[in-house]
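First up is the structure itself, then whatever we jot down about it.
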Amino acid sequence: MLTVVSIGVIAFGLILVVVQLIRGDHGLGWLKGESRETRRAVRRAIRDGGTDDPGIDRLARRVIRSAPRVGWAKYFFGVMLVMSVYLLVRRSDETLEVVQRVLQSALWTGLIVLIVVNERRLNAYRGLAGDS
């Protein structure tokens, strides 16, 4: 029963990772008072690396500067990935355990990709490296 529940939780985590990668919502919680269209424009500007609209540019820079830097997390997720793969190879007897380990490995991989993509998006924003 616990294995089935953990599979569901891990699958939900994978869905969240995919949604975050597709939408690129990193740090947009700082724009709660802004309209939906403004948040979309800021997200697009961060994803594209810049915008010509000075208001959107100002908000994008604010989001980027206030976004937490979690570079350490990719190493933590890497260790978790190695552990999950080890357990998959070493101790998977039942089909549900195999499914659980494969989903865990996919989740850790997805989280690493999410962090790397977000770091690249935030670091690639036009002219921000010289502003710090």
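Observations on the model:
- Segment 27-66 - percent relative contact order, Cα under 8 Å, separation 6 or more: 50 percent
- Between 114, 16, 122, the residue with the greatest mean-square fluctuation in the GNM of the chain (Cα pairs under 10 Å linked by springs) is 16.
- Most fluctuating residue given options 55, 78, 33, as computed from a GNM of the chain linking Cα atoms under 10 Å: 33
- Angle between the chain longest axis and helix 95-123 axis [Cα atoms, degrees, rounded to 10]: 20 degrees
- For the options 105, 35, 66, a Gaussian network treatment of the chain with springs between C-alpha atoms closer than 10 Å singles out 35 as fluctuating the most.
- Between 0 and 90°, nearest 10: helix 54-66 axis offset from the chain longest Cα axis: 40 degrees
- Sorted by Cβ neighbour density within 10 Å, fewest at the top, the residues 85, 63, 9: 9, 85, 63
- Helix content alone sets the calculated 222 nm mean residue ellipticity of the chain: runs of n ≥ 4 DSSP H residues at -39500 (n - 2.57) each, divided across all residues, give -25500 deg cm²/dmol.
Only the coordinates and a few stated rules stand behind these numbers; no lab work does. In this text the structure is predicted, and so the values were computed from the model without any measurement. Backbone-built Cβ (ideal geometry, glycine too); neighbour counts: all protein chains shown.
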